[in-house]
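Trainee: Structure in structure tokens, see below.
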Amino acid sequence: MKVPNPVSKRLALYHRCVVSLLSEGKEVTSSQELGERLALKPSQIRKDLSYFGEFGKRGTGYELKELKLSLENLLSINKTWNVCIVGAGNIGTALANHTEFFKEGYRIIAFFDRNPSKIGKKIGTRSISVYSIEELKEKVRDLNIEIGVIAVPSSEARNVAEMLVESGVKGILNFAPVKLKIENVEIEDVDIAISFKALTFKIGVKEIERKRSVNKQDC
């Protein structure tokens, strides 16, 4: 089944919204309500869900507990994932302290680094051990790590990714500012700088439009 890549991100948004609705005491929702909360067209939501079968009932909407369970199965978050972070710097430490990861079932259980001053120490509120990068293959196997997070400079990212693949991880979350593509593993690139630039672009466009509007009024 060929599912467009943006759909996976929207499924995660739907799950977050459904959890929020349940916390408010709601039992049923609709594509209209989900669309209003997520700034999406109801037709887009229905199309996304249609890739995976029938959801909800016409005229009555989606039963929230059932939809939550279905989304968790689709997103494979109905299990616990063991995660390691390569790079025990600021980004890695911030990720390790992010409580939402643990709530969603992503257990960060190991750090790997080349810096001798960091190896052997424990990082974050959960006291996660830092191992030498040389131990990566052994620890990935012994700790049953399935997801690797790259939090190193771009110059080291590809080499680290290849090490993770050789170690047997199933997926990689890449925070290094470089695009990675390696066979036999799923990779999700997270480029914060690109998001900032996209944001300032939108702000700049609005500012240009505002100035044009003012100039027209002055003419």
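The values are calculated or read from the model by the stated rules, or taken from the named source; none is laboratory data. None of these values were measured; they are calculated from a predicted model. Glycine gets a Cβ as well: all are built from the backbone with ideal geometry, and neighbour counts include every protein chain shown. Each accessible area value is taken on the protein alone, full model and side chains, heavy atoms only, with ligands, DNA and RNA left out. Shrake-Rupley method; radii C 1.70, N 1.55, O 1.52, S 1.80 Å.
Trainee: Could you please give the count of residues in segment 145-172 that are out of contact with any Asp or Glu (no Cβ under 6 Å at 6 or more places or on another chain) and either among the basic types (Lys, Arg) or outside the structural domain of Asn184 (by TED's automatic domain parsing) (or both)?
Mentor: Of the residues in segment 145-172, 1 are out of contact with any Asp or Glu (no Cβ under 6 Å at 6 or more places or on another chain) and either among the basic types (Lys, Arg) or outside the structural domain of Asn184 (by TED's automatic domain parsing) (or both).
Trainee: Being among the small types (Gly, Ala, Ser), surrounded by 15 or more Cβ atoms within 10 Å (Cβ to Cβ) and more than 23 Å from Ile192 (Cβ to Cβ): is that true of Ala110 here?
Mentor: Numbers: among the small types (Gly, Ala, Ser): yes; surrounded by 15 or more Cβ atoms within 10 Å (Cβ to Cβ): yes; more than 23 Å from Ile192 (Cβ to Cβ): yes.
Yes.
Trainee: Name every residue in segment 63-87 that is open to solvent by less than 20 Å² (accessible area, probe 1.4 Å) and free of Cβ contacts under 8 Å to residues at least 60 places away in the same chain, in order of residue number.
Mentor: Pass one, segment 63-87, residues open to solvent by less than 20 Å² (accessible area, probe 1.4 Å): 64, 67, 71, 83-87.
Listed by number, the residues that qualify are Leu64, Leu67.
Trainee: Does segment 10-25 contain at least one residue that is touching a residue at least 40 places away in the same chain (Cβ under 8 Å), surrounded by 15 or more Cβ atoms within 10 Å (Cβ to Cβ), within 17 Å of the chain's Cα centre (by Cα) and part of a loop (DSSP other than H, G, I, E, B)?
Mentor: For segment 10-25, residues touching a residue at least 40 places away in the same chain (Cβ under 8 Å), surrounded by 15 or more Cβ atoms within 10 Å (Cβ to Cβ), within 17 Å of the chain's Cα centre (by Cα) and part of a loop (DSSP other than H, G, I, E, B): absent.
Trainee: Residues Ile203, Ile150, Ile192, Ile208: which one is in contact (Cβ under 8 Å) with a residue 24 or more places away in the chain and not charged (D, E, K, R)?
Mentor: From the options Ile203, Ile150, Ile192, Ile208, the qualifying one is Ile150.
Trainee: So is Ser129 of a type outside the set (Phe, Trp, Tyr) and under 30 Å from Phe52 (Cα atoms) or not? Write out each step before concluding.
Mentor: Values: of a type outside the set (Phe, Trp, Tyr): yes; under 30 Å from Phe52 (Cα atoms): no.
Judged against the criteria, Ser129 is not a match.
Trainee: For segment 30-62, enumerate the residues that are part of a helix (DSSP H, G or I), surrounded by 12 or more Cβ atoms within 10 Å (Cβ to Cβ), out of contact with any helix residue (DSSP H, G or I) (no Cβ under 6 Å at 6 or more places or on another chain) and not acidic (Asp, Glu).
Mentor: Residues satisfying the conditions are Gln44, Lys47, Leu49.
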